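The values are calculated or read from the model by the stated rules, or taken from the named source; none is laboratory data. Given the structure is predicted, the values throughout are model-derived calculations rather than measurements. Cβ placement follows ideal geometry from the backbone for every residue including glycine, while neighbour counts extend to all protein chains displayed. Heads up: the accessible areas ignore ligands, DNA and RNA and are worked out on the full protein's heavy atoms, side chains in. Shrake-Rupley method; radii C 1.70, N 1.55, O 1.52, S 1.80 Å.
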Amino acid sequence: ADLDTTRGQEATPLMVDGLLYVNSPTSVGAAFDAESGRLRWIYNPRSYEAGTTTMSLRWNQRGVAYWRDGADARVLWGTGDGYLVAVDARTGQPVPGFGEGGRVDLMPGLPRATRGARDYLNALTYSVQSPPIVVGDVVITPASISSLIVKKEQIPGWVRGHDVRTGKLLWTFHTVPQPGEPGHDSWIG
């Protein structure tokens, strides 16, 4: 039987008000006029300069998220080097006041996460390749963790919520309950 290695690897475009928003495998975001196909803007966070993304999903981006409040409209996506990017949906310019220069570093606060750390095939150990989800004014970020490490423990795949206006971390869902959280006593340490 043939093995289809492309299934699930393509990005899901998002269309709002006649604009089609996408991101590329190298974390470059873009907007196209849905009717003419003309490029409206492109934003390149240059995340590929940090190195190859996690080997579990090498060079893969699955889409973007959209948020709007009145005239303020944003497109958000994660990058192969572990940042959350927010750009103005009309211009593609980084949103001032969102993190630093329109991006939030997602690695601080994650145990065993070190910016630039590599797995045994020299790929980064942490990235974001699935699209974030926006619920109200919270952008929820997923994670991609390399499975190609030689250590017993790796970075946890915690799910976190950030303020969509500022990028500030609001909450963390620990996929394995931490001390003091319900269910912690059911996990072997």
For S144 the rounded accessible area (nearest 10 Å², probe 1.4 Å, non-protein molecules ignored) is 10
In whole percent, the fraction of accessible protein surface over the chain that belongs to carbon or sulfur atoms, probe radius 1.4 Å, stands at 55
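Once you order the gyration tensor axes a ≥ b ≥ c over the Cα atoms, which shape class does region 101-189 get: rounded for a/c under 1.5, otherwise prolate or oblate by comparing a/b with b/c?
oblate
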Both in Å, the radius of gyration and Dmax of the C-alpha trace of the chain are 17.3, 57
Expected sort for 165-173, 102-110, 177-185, 130-138 on mean C-beta neighbours within 10 Å, highest first, is 102-110, 130-138, 165-173, 177-185
Karplus-derived 3J(HN,Hα) from phi for region 156-168 (6.51 cos²θ - 1.76 cosθ + 1.60, θ = phi - 60°), whole Hz, x at Gly and Pro, runs x, x, 5, 9, 10, x, 10, 5, 5, 8, 10, x, 4
Taking a probe of 1.4 Å and leaving out DNA, RNA and ligands, region 78-189 shows per residue an accessible area in Å² of 52
To the nearest 20 debye, region 37-181 has a Cα-centred charge dipole, built from +1 on Lys and Arg Cβ and -1 on Asp and Glu Cβ, of 340
Once all protein chains are kept in place, D69 shows an accessible area at probe 1.4 Å, nearest 10 Å², of 80
